[in-house]
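One structure is given here, and the rest of the page talks about it.
Rule-based calculations on the coordinates, nothing more; no lab input. Predicted model only: the values in this text are computed from it and were never measured. Glycine gets a Cβ as well: all are built from the backbone with ideal geometry, and neighbour counts include every protein chain shown.
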Amino acid sequence: MKKIAVYRPTSTDEAIRILSSHGTEAAVYAGGTDLLVRLKNRLKQAPAYLVDIKKINDLRYIREDQSGGVRIGALTKLAEIVDSEIIAKRYPMLSKAIGMISSPELRNASTLGGDLLQEVWCQYLRGGYNCWRNGGYLCYGAIGDNSYYHSAMGGRLCYAVYPGDAATALIPYDAAVKLATPTGVQELSLEKLVPGDLMVDGRIQSHVVRHNEILTEVIVPPPRPNARTSFEKLRPRGVWDFAMAALALNLEMRGSVIDDARVVFGGIAGKPVRERAVEDYLRGKTLDAALIDQVVPRALTNAAPLKYNAMKIEMAKGLLASGLDTLRT
Amino acid sequence: MTHVDAIIFEPLGSLTDSPSAPPYDDAVPALTELKALGLTLIAASSLPHDELTSFLDSSGLRGFFDGVSSAESTAGDRGVMLREALASAQIAPDHALFITDSADGLAAARAAGVHGVLMMNDPDEAMKLTAHNPAGGIVSLLELPDLVRFVSATRSAYFGG
């Protein structure tokens, strides 16, 4: 492991000042379940300065807001979200999705902010290959074993899959986040937080957060009336593993008719894939077996699987069929 | 390498099948974006000059290119072909990429002092070709504008193969 220095600021302003002074050599350290592994993996892109934000007050909470929605501090542990009665009662799909992340031990350590902003888990990156995210200029996943950790929906230089289940489950609730930045607080939608691979501060990453910005809060609007939600995840083992494919559904129903829909796939692309074509097709229609048969072929028509991962698309379509069927009954 | 001034393209369609073969699906949108970035674009091939220009004309790609170069005029030496093409465009080899899908192409790039970028059409073949130390690799021509921006953003001494 490379030599590192650790700062322990007690306010977001102080943390931002430290982050700004070290540029991309510094990174936020919270739960550590991603960052410390990157250091242990001896990745070139791992930071030399860790800004431990756990001493900052008031970033770890789950509270109702005036609109009837919920605010979740970025330092809130995943296990605390799973254990939350408010979340379980009002956002059961989020509770289920987060309860399926990794293992109980890691959910006790991992934070919501860390899950949203985690680095990809491509075996070539983590194995120290000189790929796009690690000081090189080639995606080994695109030409090697891409059966698990790589996109079946195309890529932009890097073909690794965005691994965060929390984002997949939050987008159907139209959730947003707050970022503390050197110029003040910014609010943006979850969808805009993780738009897929892009270049930020000269690095390829899945999210838009700059090196001197800190994710502080997740804002979840009030649940929709008559909502039916579902989260399903396919993975090699029942715990620990990342999604081969995942699906988060949020349907606003009027009797058996779908008034509005959110359909978001995870584990198949460099970002959570909100499938608007399917949402549009579902809107205004009666949720029945015939509709499921009609809509599944309309999903993921722009898929671009690599050599070994076409099954991810079949898995995702299967989840759409089973997810809608679950919500039908 | 601090930035890219020019890109030399070898594979833009299945030319070995027929000079009238259609271009790759991603060729036109990629070339359009690269032209908008202000890059010098050169088409190069080991095929005879007439076959190459015939392909570029029939595929509608000719207008994108500032130069067309064939190894026919350099007795099959593609390294010399690359050097001459860049000299006539007044581009320093260190600021040029050569897009190729073969070991010979990577060797020619190295001989010319150009950065050879692997077009990874066939995954298994591409994995073998990584042993020839390409400067970079892409799956689609559409990734080239991002590659150009990435090189400029990182200004990396590493890029060079």
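Here the spin labels are modelled as points 7 Å beyond Cα on the Cα-Cβ line, and at A:Ser147 and A:Thr326 they lie 2.6 nm apart.
The GNM of chain B, with springs linking C-alpha atoms under 10 angstrom apart, assigns the highest mean-square fluctuation among B:Gly76, B:Gly136, B:Gly63 to B:Gly63.
Rounded, prolate or oblate: which fits segment A:200-319 when a ≥ b ≥ c are the square roots of the eigenvalues of the alpha-carbon gyration tensor, with rounded for a/c under 1.5 and prolate only if a/b beats b/c? Oblate shape, in that a/c is at least 1.5 and b/c is the bigger or equal ratio. Based on C-alpha pairs under 8 angstrom that are at least 6 apart in sequence, segment A:1-138 has a relative contact order of 25 percent.
Taking label points 7 Å from Cα along the Cα-to-Cβ direction, A:Ile86 and A:Asp280 give a separation of 3.7 nm.
Averaging Cα coordinates gives a centre for segment A:147-190 and one for segment B:57-76; these two points are 42 Å apart. Listed from fewest to most Cβ neighbours within 10 Å, the set A:Asp197, B:Asp146, A:Asp260, A:Asp165 follows the order A:Asp260, B:Asp146, A:Asp197, A:Asp165. Based on every Cα atom in segment A:1-92, Rg and the maximum pairwise Cα distance Dmax equal 16.0, 46 Å. The overall shape of segment B:32-161 is rounded: from the C-alpha gyration tensor, with semi-axes ordered a ≥ b ≥ c, the ratio a/c is less than 1.5. In this rough spin-label picture, where each label sits 7 Å from Cα along the Cβ direction, the A:Asp52-B:Gln90 distance is 5.9 nm. A Förster distance of 41 Å, applied to the separation of the beta-carbon atoms of A:Ala310 and B:His49, puts the FRET efficiency at 0.50.
Each part reduced to its alpha carbon centroid, segment A:7-30 and segment A:238-312 end up 38 Å apart. Cα convex hull, the protein assembly as shown: 154 Å³ per residue, rounded to a whole number. A cut-off under 11 angstrom between Cβ atoms defines the neighbours of A:Thr329, and their net charge, with Lys, Arg +1 and Asp, Glu -1, is 0.
Of A:Ile292, A:Ile98, the sequence from fewest to most neighbouring Cβ atoms within 10 angstrom is A:Ile292, A:Ile98. Dipole orientation for segment A:226-276: of the candidates A:Gly238, A:Ala261, A:Ala227, A:Gly238 has the Cα lying most toward the positive pole (charges on Cβ; Lys, Arg +1; Asp, Glu -1). A simple charge model with +1 on the Cβ of Lys and Arg, -1 on the Cβ of Asp and Glu and nothing else charged puts the dipole of the protein assembly as shown at about 1880 debye relative to its Cα centre. Taking other Cβ atoms within 10 Å as a rough exposure proxy, A:Thr12, A:Thr181 sort from fewest to most as A:Thr181, A:Thr12. For a 21 Å ceiling on Cα separation, which of these pairs sit above it: A:Lys54/A:Lys89; A:Lys54/A:Lys178; B:Lys35/B:Lys128; A:Lys55/A:Lys192; A:Lys307/B:Lys35; A:Lys307/B:Lys128? Exceeds cut-off: A:Lys54/A:Lys89; B:Lys35/B:Lys128; A:Lys55/A:Lys192; A:Lys307/B:Lys35. For A:Met253, the residues whose modelled amide H falls within less than 5 Å of its own, excluding neighbours fewer than 5 places apart on the same chain, are A:Ala227, A:Arg228, A:Asp259.
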